[in-house]
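Heads up, the thing below is written out as structure tokens.
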Amino acid sequence: MKLIMFIALFSTFSIIVLGGDTIKKETFTVYGNCGMCKSRIEKSLKISEVSSAQWDKNTKILSVKYNANAITLDSLQKIVASVGHDTEKYKAADEVYNDLPGCCLYRENKESH
């Protein structure tokens, strides 16, 4: 019985490793203010290439785990910027930013964060 379980476990591990998925864990700055910002930022990364995304409104840091063989960190930052949140590399389009709810407008206070 133990041998069968070991073979099954080893086979599963081999498939994962041989599948070539490289899961990376990275962090980057994303500007926002509130719980609605957190929801919007995290929701933008609910895509198949991302296994988790957690944004901290106090530190403005987004922690993300993603398949580096399927998407780049640069692309993830572009996705977040596309929903109205500036990142350390990309500025959200003004028309998208200006459509955010009032409590989510962060640019006037960005220098103090």
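The values are calculated or read from the model by the stated rules, or taken from the named source; none is laboratory data. Computed from a predicted model, the values in this text were never measured in an experiment. Note that each Cβ is placed from the backbone with ideal geometry, even for glycine, and that neighbours are counted across all protein chains shown.
Being part of a loop (DSSP other than H, G, I, E, B), touching a residue at least 24 places away in the same chain (Cβ under 8 Å) and surrounded by fewer than 19 Cβ atoms within 10 Å (Cβ to Cβ) is the filter here; which residues of segment 34-47 pass it? Steps first, please.
Residues of segment 34-47 that are part of a loop (DSSP other than H, G, I, E, B), as a first pass: 34, 45-47.
With touching a residue at least 24 places away in the same chain (Cβ under 8 Å) added as a condition, the list becomes 34, 45, 47.
Of everything in segment 34-47, those that are part of a loop (DSSP other than H, G, I, E, B), touching a residue at least 24 places away in the same chain (Cβ under 8 Å) and surrounded by fewer than 19 Cβ atoms within 10 Å (Cβ to Cβ) turn out to be C34, I47.
Kindly list the number of the only condition in (1) farther than 18 Å from K24 by Cβ; (2) surrounded by fewer than 20 Cβ atoms within 10 Å (Cβ to Cβ) that fails for E88.
Tallying (1) farther than 18 Å from K24 by Cβ; (2) surrounded by fewer than 20 Cβ atoms within 10 Å (Cβ to Cβ), E88 fails exactly one: (1).
Of the conditions (1) surrounded by fewer than 12 Cβ atoms within 10 Å (Cβ to Cβ); (2) outside any strand (DSSP E or B), K25 fails just one. Which one is it?
(2)
Can you name the residue in segment 28-59 that is closer than 17 Å to L100 by Cα and of a type in the set (D, E, K, R) and, of all such residues, is farthest from the chain's Cα centre (by Cα)?
To start, the set of residues in segment 28-59 that are closer than 17 Å to L100 by Cα comprises 30-44, 57.
From the residues that got through so far, the ones that are of a type in the set (D, E, K, R) too are 38, 40, 42-43, 57.
Working: K38: 11, R40: 11, E42: 6, K43: 9, K57: 14 Å.
Of everything passing the filter in segment 28-59, K57 is farthest from the chain's Cα centre (by Cα).
Return yes when K91 is more than 11 Å from the chain's Cα centre (by Cα) and at pLDDT 95 or above and no when it is not. So that I can check it myself, show each step before the final result.
Numbers: more than 11 Å from the chain's Cα centre (by Cα): yes; at pLDDT 95 or above: yes.
Here the answer is yes, as K91 does meet what is asked.
Restricting the first residue to segment 61-84 and requiring it to be charged (D, E, K, R) and surrounded by fewer than 17 Cβ atoms within 10 Å (Cβ to Cβ), which pairs with a second residue that is at pLDDT 95 or above and not in a strand (DSSP E or B) meet a Cβ separation below 6 Å and a spacing of at least six or different chains?
K78/Y90
Among Y97, Y106, which is the only one that is touching a residue at least 60 places away in the same chain (Cβ under 8 Å), hydroxyl-bearing (S, T, Y) and over 15 Å from F28 (Cα atoms)? Before the answer, list the steps.
Details: Y97 fails: touching a residue at least 60 places away in the same chain (Cβ under 8 Å).
Within the list Y97, Y106, the selection yields Y106.
Tell me whether segment 48-69 contains one or more residues that are in contact with a Phe, Trp or Tyr (Cβ under 8 Å, 6 or more places away or on another chain) and assigned to a helix (DSSP H, G or I).
no
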